[in-house]
Amino acid sequence: MQGMTDRTRPLSALALVCTLKPSPAESSSQLLATQLLDELTTHGVTGTAVRLADYDIKPGVSLDEGDGDQWPQIRQQVIASDILVIVTPTWMGHLSSIAQRVLERLDAELSETDADGRPLVEGKVAVVGVVGNEDGAHAIIADLFQGLNDVGFSIPSQGATYWNGEAMQTVDYKDLDETPESTASTNASVAKNAAHLARLLASTPY
């Protein structure tokens, strides 16, 4: 588009929803991912959510594990996006097994570099969302941030949001009558900071 610069060009986001429930089951992780993408649209970022439980993602640490592995098509979307959003539920105090697999498959990006030797995901922004009715959100965020940053993603200021329900109860995030103000305002901050950093990196790469 004429007159468009890296600082003003449209940005895109990909949300990887790491619920263990395949579609069409209701999912708190899907809801939080949708809310984050909606917030990103207010900053000129278009987004898509992918529920990974709907795909056959093989275990491994390579770009393509063969035998029907569907990670390569998801990876294409990761590489094409400016912002990666990972949302996971909390199970037994930890991230879901699907979220862990995402980190394992992203490990292959360490050896995928451009002509200047930079990781292909360097210059992309990553943010995290966690839901659950048990403790563990801060530890999960820390694990995801470390792994994402290790392969080259940049983490913005206040780049995570979460909701923890009452311990040992059955109310899920998707069951709430409305989003708590503290979570809604954090969602907004995550989106604003992610879009800001993504535009800075697009304008001035590492």
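The values are calculated or read from the model by the stated rules, or taken from the named source; none is laboratory data. Keep in mind that this is a model prediction, so the values were computed, not measured. All Cβ positions, glycine included, derive from the backbone under ideal geometry; neighbour counts span all protein chains shown. Side chains included, ligands, DNA and RNA excluded: accessible areas come from the protein's heavy atoms. Shrake-Rupley method; radii C 1.70, N 1.55, O 1.52, S 1.80 Å.
At a 1.4 Å probe radius, which order do Y173, Y55, Y206 fall into by accessible area, largest first?
Values: Y173 5, Y55 80, Y206 140 Å².
Solvent-accessible surface, decreasing: Y206, Y55, Y173.
Rolling a 1.4 angstrom probe over the protein heavy atoms with all chains in place gives the chain an accessible area of 49 Å² per residue. Each Lys and Arg adds +1 at its Cβ and each Asp and Glu adds -1 at its Cβ; summed about the Cα centre, the chain shows a dipole of about 580 debye.
A protection proxy built from the mean count of other Cβ atoms within 10 Å ranks the segments 113-125, 11-23, most packed first, as 11-23, 113-125.
Computed over the chain, the per-residue total of -39500 (n - 2.57) for DSSP H runs of n ≥ 4 gives a 222 nm mean residue ellipticity of -11500 deg cm²/dmol, rounded to 500. Surface composition of the stretch 1-114: carbon and sulfur make up 52 percent of the accessible area, probe 1.4 Å. For the chain, build the charge dipole from Cβ charges (+1 Lys, Arg; -1 Asp, Glu) around the Cα centre, then report which of I79, P24, A115 sits farthest towards its positive end. About the Cα centre, the residue reaching furthest to the positive side is A115. Within straight-line reach of K174, meaning a Cα separation under 19 Å, sit the following lysines at least 8 residues removed in sequence or on another chain: K21.
Using Cβ point charges alone (K and R +1, D and E -1), the dipole size of the stretch 90-145 about the Cα centre works out to roughly 140 debye.
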